[in-house]
Amino acid sequence: MKRKEKKTYWRGIHSPFFFDLARHLEGGGRYVDVVYDKGLVKALEQIEGLRQNLRRSSDCIEVHDCGAGSRVFKSKSREVRKITRYVIQSKRVAFSLLRVLLFWRAHRRSVKILEMGTSLGLTTAYLAASGWEVETWEGCQQTANYARKNWKGLGCEGQINSKVGTFKRLMEESQGGWDVVFLDGHHDRDATLAYVECLKTKLNPGGAILVDDIVWSKGMKEAWSKLLEDSHWNATMTWRGKGWLFNRDGEIEQHLKLRKSYISLSKFNNMKLFTIVFAAITLLMSTQVQAQGTKEQMKTKSNAESSTSASGASKIFGEMLVFEINGKTVVKVSFDPILGRMGADKDALMASQQIGDFKFTSMGQALNVLSSHGWMVEHVWTTLERSGAVQHFILSHDVAKLTPVSPWLSKNTKKGTKG
Ligand SMILES: C[S@@+](CC[C@H](N)C(=O)[O-])C[C@H]1O[C@@H](n2cnc3c(N)ncnc32)[C@H](O)[C@@H]1O
């Protein structure tokens, strides 16, 4: 009997194990228990720099395909820029994986990961940055050579055990002992099922398999359905077209479908800049808000405006309206127009703009996203309008006291330099 997967956002998960996994995959900054030291930040900046270079590269690789073939490439000679664009994991996915590995590293004795499918080695470099012991397999010698050259440039080649050969042969020869296996190649129904079956005995207790592209083809969808039926995998979670498989002692059987968060993670290499600029912007808001004085009443029909609360703590406000048109829920989120004056820095604006522009399909979805970005609900009431009932939510976000941003400063100041 096929097990039923429960769709959920990361915030709605009760099992502590899955909650920890999901919040590191999809949660916002303050919900992530990870310390990014200087060395790690630098390593990630270098990897992303390399990704940009590869996207512009004119190199070609003569590929020997041992997998299920490609929908993008028709010939053996493949352009590196296209491989970077279409084949390897995105920065978003690689960064989420890294956060999970960093979190697990703090809670595990053994930290060994196997990546099946090296390609250009970008995701491998992310895995190595997590401090895990990394082994990676690739069937194409030319591709493996290219990846090794990339790691040399990044200075992480010493942390990666790269093996060349078919998955089948390497699997037979290997002793195993991994805590996580990322199966990111040979997306074929029977091959996937065979590798996963073999890995059952090669994983460490409590180990996990992450199978990529489980909806890539009819065969892969069937493979995932089969894996769901297998009672060995008593805990599973699908996430962004991939599936996590766990065999967990003492865990209640559960099968989750993690919905993706609609807001992108903070860009890692802009994080310091983001913090500085956001701090400067919030001070501007705080100063202007204080100049306005305390406002007792919020105008509910007009755009939401920020104020200083009675306690003296500064807040910025927003408004959410929820109503129905032709049986469909409509959610409108707007923020204090002062947010629009944060235009000097695109990153600082991005999250709120995305929330404001996004077409939420339910109130719960909107509240979920808002709360994960630090917006609290201050007041809720319902009015009866001509079109029907409208629910009003006043939202607030705490604002720190900081220095103002002067509009006449040169454009360079948006890079976070003091002006
Ligand atoms: C999707 S790419 C891996 C992407 C990489 N993990 C990343 O995100 O940077 C899959 C790789 O697996 C390799 N591969 C596919 N099937 C294989 C097999 N049966 N044996 C060995 N390598 C295989 C391919 O040559 C290809 O380079």
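The values are calculated or read from the model by the stated rules, or taken from the named source; none is laboratory data. All of these numbers come straight from a predicted model, not from anything done at the bench. Here Cβ is always computed from backbone atoms with ideal geometry, including for glycine, and neighbour counts include all displayed protein chains.
How many residues are away from the ligand (no atom under 16 Å from the Cβ) and either hydroxyl-bearing (Ser, Thr, Tyr) or without any contact (Cβ under 8 Å) to a residue 60 or more places away in the chain (or both) if we restrict to region 90-138?
Residues that pass the stated criteria total 6.
When residues of region 140-160 are filtered for being closer than 24 Å to HIS187 by Cβ and either touching a Leu at 6+ places or on another chain (Cβ under 9 Å) or not assigned by TED's automatic domain parsing to the domain that holds SER96 (or both), how many remain?
5
Each row is one residue, and each column tells you yes or no for (1) in contact with an Asp or Glu (Cβ under 7 Å, 6 or more places away or on another chain); (2) within 25 Å of GLY153 (Cβ to Cβ); (3) loosely packed, with under 14 Cβ neighbours inside 10 Å; (4) at pLDDT below 90.
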residue: LYS6; (1), (2), (3), (4): no, no, yes, yes
residue: PRO16; (1), (2), (3), (4): no, no, yes, yes
residue: LEU21; (1), (2), (3), (4): no, no, no, no
residue: LEU25; (1), (2), (3), (4): no, no, no, no
residue: ASP37; (1), (2), (3), (4): no, yes, yes, yes
residue: ALA43; (1), (2), (3), (4): no, yes, no, no
residue: CYS60; (1), (2), (3), (4): yes, yes, no, no
residue: GLY69; (1), (2), (3), (4): no, no, yes, yes
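Which pairs turn up if I take residues in region 351-370 that are closer than 13 Å to VAL322 by Cβ and modelled with pLDDT of 80 or more and look for partners that are among the small types (Gly, Ala, Ser) and in a helix (DSSP H, G or I) with beta carbon separation below 8 Å, at least 6 apart in sequence or on another chain?
That search, which allows pairs on different chains as well, returns PHE360/ALA366.
Return the total of residues in region 188-212 being surrounded by 19 or more Cβ atoms within 10 Å (Cβ to Cβ) and more than 18 Å from ILE113 (Cβ to Cβ).
2
So is MET220 more than 27 Å from the chain's Cα centre (by Cα), within 14 Å of the ligand (Cβ to nearest atom) and assigned by TED's automatic domain parsing to the domain that holds GLY69 or not?
Judged against the criteria, MET220 is not a match.
Can you tell me which residue is modelled with the lowest pLDDT among those in region 74-89 that are away from the ligand (no atom under 11 Å from the Cβ) and out of contact with any helix residue (DSSP H, G or I) (no Cβ under 7 Å at 6 or more places or on another chain)?
Going through the qualifying residues, I end up with LYS74.
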